[in-house]
Amino acid sequence: MATIINPERFGRPFLNAAAYWKGFYRLLGYILKNIGALNVPPVRQVFYRQVYFTGIEALWVVSLIAAFSGMVIAGQITSLAGPNSPFTAKIMLWMLVRELGPLLTAIVIIARSSSAMASELASMKIRGEADSLRMMGVDVMDYLVVPRIAGMTLSVVATTFYFQMTAIVMGFAFVAAAQDVPFLTSMEGVLSILDLTEVLVSLLKAFVFGLVISITSCYYGLSAPRSVTAVPRAATRAVMQNLVSVFFLDGIITYAFFL
C-alpha cells in the first residue's frame, strides 16, 4: 500500500532552506572578511563591469519606471487631495522614498541582473571555468564573488536614489503641466518636509536589498549541479528567492522604523 504522506516530499524544502541559509551566511561572512580583495586590479575590473551592467545599463529601464510611477502617483494624489493640498508632497515622499523607490528598484535589479548573475556563475561552473581558475592559482571567491556582491550592492543603492529623485521630479512636472501647479512651489514643498531619516532608511533598505540579492544570486549560481538544465533552474531559484526576501525585508524595515 502506497504511503499517503511522502516524508521526502515534505522534508526536502526544509533541507533546501537550511542549505540556503548556511550558504548565505557563509558568503556574507566571506565578503565582510575579504572586501579588501577589491584592491587587486583584476578583481577591481570585475567590480567595475558589475557596476556598469547592474547600475548604468539599467538606468533607462529605471528612468521609465520612475517617471511613470511618479506621474501616476502624483496625478492620483492631486485628483483626490487637490492640486494645492499640503499633503501632496508628504504623501509623495512617503510612497516614493519610503516604499516604492527601494522596492521597485530592487524588482528591476532582480529581473535583470539577479538571473544574469546566477546564470553566469552556473555556466562557469558547468563549463569548468571555475576549476580552471583554481588550477591557475586564482582564488575563485575573491575573483568571482567579492566584486559581484560589492558591485551589485553599490549599484542598488545608487539606482534607488536615482529612482526616487526621478519619480518625484517627473511626478510634479506632470502635475505642473496638467493642472497648472507651479513646479518650483511643489519642489520647495518637498524640500521643506524632507526628513534625512527617511532618506537614510530608504538607502538602508536599498543596501540590504542589494546585499541579499547579490549573495543569493551567487549562492544559486555556485551551488548549481553540473547539468544542462542547471543554468535556468539556478536563475529561476535566485529570482524567486530574491523576490520573497525583498518583500519580507521591506516589511520588517518599514515596521521597525516607521510603524
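For the stretch 120-156, a tally of residues being more than 17 Å from the chain's Cα centre (by Cα) and among the hydroxyl-bearing types (Ser, Thr, Tyr) returns 3. Taken as a whole, the structure leaves Thr78 outside the set of residues that are under 27 Å from Gly251 (Cβ atoms) and either of a type in the set (D, E, K, R) or in a helix (DSSP H, G or I) (or both).
Of all residues in the stretch 125-152, those satisfying the criterion of being crowded, with 24+ Cβ neighbours inside 10 Å and either over 15 Å from Arg49 (Cα atoms) or β-branched (Val, Ile, Thr) (or both) are Val145, Val146, Ile149. Residues of the stretch 30-41 include at least one that is over 17 Å from Gly210 (Cβ atoms) and of a type in the set (A, V, I, L, M).
State which residue is nearest to Gly55 (Cα to Cα) when the search covers only the stretch 207-255 and only residues that are among the basic types (Lys, Arg) and part of a helix (DSSP H, G or I). Top of the filtered list is Arg237. Quick check: anything in the stretch 47-59 within 30 Å of Val181 (Cα to Cα), out of contact with any Leu (no Cβ under 6 Å at 6 or more places or on another chain), modelled with pLDDT of 85 or more and in a helix (DSSP H, G or I)? Yes, that holds for at least one residue.
Inspect all residues belonging to the stretch 82-89 and state whether any of them is under 19 Å from Leu200 (Cα atoms), over 25 Å from the mean Cα position of the chain (by Cα) and surrounded by 15 or more Cβ atoms within 10 Å (Cβ to Cβ). Yes, because at least one residue in the stretch 82-89 is under 19 Å from Leu200 (Cα atoms), over 25 Å from the mean Cα position of the chain (by Cα) and surrounded by 15 or more Cβ atoms within 10 Å (Cβ to Cβ). If you go through the stretch 240-256 one residue at a time, do you hit one that is under 12 Å from the mean Cα position of the chain (by Cα) and charged (D, E, K, R)? Yes; the residues of the stretch 240-256 include at least one that is under 12 Å from the mean Cα position of the chain (by Cα) and charged (D, E, K, R).
Could you tell me whether Leu38 is surrounded by 15 or more Cβ atoms within 10 Å (Cβ to Cβ), in contact with a Lys or Arg (Cβ under 7 Å, 6 or more places away or on another chain) and either at negative phi or hydrophobic (A, V, I, L, M, F, W, C) (or both)? Against the criterion (surrounded by 15 or more Cβ atoms within 10 Å (Cβ to Cβ), in contact with a Lys or Arg (Cβ under 7 Å, 6 or more places away or on another chain) and either at negative phi or hydrophobic (A, V, I, L, M, F, W, C) (or both)), Leu38 qualifies.
Restrict the check to the stretch 139-158 and report whether at least one residue is farther than 30 Å from Ala17 by Cβ, of a type outside the set (Phe, Trp, Tyr) and assigned to a helix (DSSP H, G or I). Checked against the condition, which is being farther than 30 Å from Ala17 by Cβ, of a type outside the set (Phe, Trp, Tyr) and assigned to a helix (DSSP H, G or I), the stretch 139-158 yields at least one hit. Only one of the numbered conditions (1) assigned to a helix (DSSP H, G or I); (2) aliphatic (A, V, I, L, M); (3) touching a residue at least 60 places away in the same chain (Cβ under 8 Å); (4) buried (at least 19 other Cβ atoms within 10 Å of the Cβ) is violated by Ala178, and that is (4). For the stretch 215-249, a residue qualifies if it is among the polar types (S, T, N, Q) and surrounded by fewer than 17 Cβ atoms within 10 Å (Cβ to Cβ), and the qualifying residues are Ser227, Thr229, Thr236.
The values are calculated or read from the model by the stated rules, or taken from the named source; none is laboratory data. Just so it is clear, the model here is predicted, and its values are computed rather than measured. Using ideal geometry, Cβ is built from the backbone for each residue, glycine included, and neighbour counts are taken over all protein chains shown.
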